[in-house]
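K.L.:
Let me begin by handing over the structure; questions about it come next.
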Amino acid sequence: MTNLYLQFALLLGLPAIYAGGFTTLAWSSFNRPWLFAFLSVILLYTLYFVVFYFFAPSSGGYTVVRAEQLQPGTPGYVNTTHTGRVVGSFIGEYMKSMLIFTVAAFPTLWLFARLFRR
C-alpha cells in the first residue's frame, strides 16, 4: 500500500519537485527567489496539465465486471482465496507523459529563470 502512496505522491508532486530543486540550486542568483519559486510551481503545473491533456495514457478503457463472472486466466481475475498481499503499480501508464514533461520542464525553467536573474 505504501508503494501506491509513493507512486501517487510522485505523480502529483513531480512539478513541485522540479521547481523546488531548480530554485534551491539557483537561489542566490535571483532577484526575488520566493516569487520565482511560487511562479515556477504554477508554470510547471500548467505545463504538466497541458502535457497530460495531449499525451494522456492510452489504457484502452475499463469495463466493470462482477468478480464472479471472471474465470482464471482472464484479465482482471483476482484469486479471492489468496491470503497474501497484492501490490499494484499504476505509474507505468503515466511514464511516457512524465518523460515528455521532464524533457519540457528543464528548458522551460531555464528560460523562466533568465527573467529573474540579477
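K.L.:
Starting from the stretch 1-29, keep only residues that are under 12 Å from TYR45 (Cβ atoms) and without any contact (Cβ under 8 Å) to a residue 40 or more places away in the chain, then list their pairs with residues that are of a type outside the set (D, E, K, R) and surrounded by fewer than 15 Cβ atoms within 10 Å (Cβ to Cβ) whose Cβ atoms are within a distance under 9 Å, requiring at least 6 positions of separation or different chains.
P.N.:
Close Cβ pairs (under 9 Å, with a partner that is of a type outside the set (D, E, K, R) and surrounded by fewer than 15 Cβ atoms within 10 Å (Cβ to Cβ)) amount to ILE17/LEU10.
K.L.:
Please enumerate the residues belonging to the stretch 102-118 that are small (Gly, Ala, Ser) and more than 20 Å from the chain's Cα centre (by Cα). Can you show your working first?
P.N.:
In the first step, residues of the stretch 102-118 are kept if they are small (Gly, Ala, Ser); the result is 104-105, 113.
ALA113 - this is the single residue of the stretch 102-118 that is small (Gly, Ala, Ser) and more than 20 Å from the chain's Cα centre (by Cα).
K.L.:
OK, next. Do the conditions hold for PHE36, that is, is it outside any loop (DSSP other than H, G, I, E, B), over 15 Å from THR108 (Cβ atoms) and of a type outside the set (Ser, Thr, Tyr)?
P.N.:
Details: outside any loop (DSSP other than H, G, I, E, B): yes; over 15 Å from THR108 (Cβ atoms): no; of a type outside the set (Ser, Thr, Tyr): yes.
Taking the combined requirement at face value, the residue does not satisfy it.
K.L.:
Conditions first: (1) within 27 Å of THR2 (Cα to Cα); (2) of a type in the set (A, V, I, L, M, F, W, C); (3) modelled with pLDDT of 75 or more. LEU47 passes all but one, so which condition is the exception?
P.N.:
(1)
K.L.:
Turning to a different aspect of this structure: With respect to GLY60, determine if the residue is at pLDDT below 85, within 24 Å of LEU6 (Cα to Cα) and more than 16 Å from the chain's Cα centre (by Cα). Before you say what the answer is, go through the steps one by one.
P.N.:
Working: at pLDDT below 85: yes; within 24 Å of LEU6 (Cα to Cα): no; more than 16 Å from the chain's Cα centre (by Cα): yes.
No.
K.L.:
Of all residues in the stretch 1-36, count the ones that are within 14 Å of TYR48 (Cβ to Cβ) and either touching a Pro at 6+ places or on another chain (Cβ under 6 Å) or aliphatic (A, V, I, L, M) (or both).
P.N.:
Going through the stretch 1-36 one residue at a time, the tally reaches 7.
The values are calculated or read from the model by the stated rules, or taken from the named source; none is laboratory data. Quantities reported herein were computed from a predicted structural model and do not represent experimental measurements. As a convention, Cβ positions derive from the backbone with ideal geometry for all residues, glycine included, and neighbour counts pool all protein chains shown.
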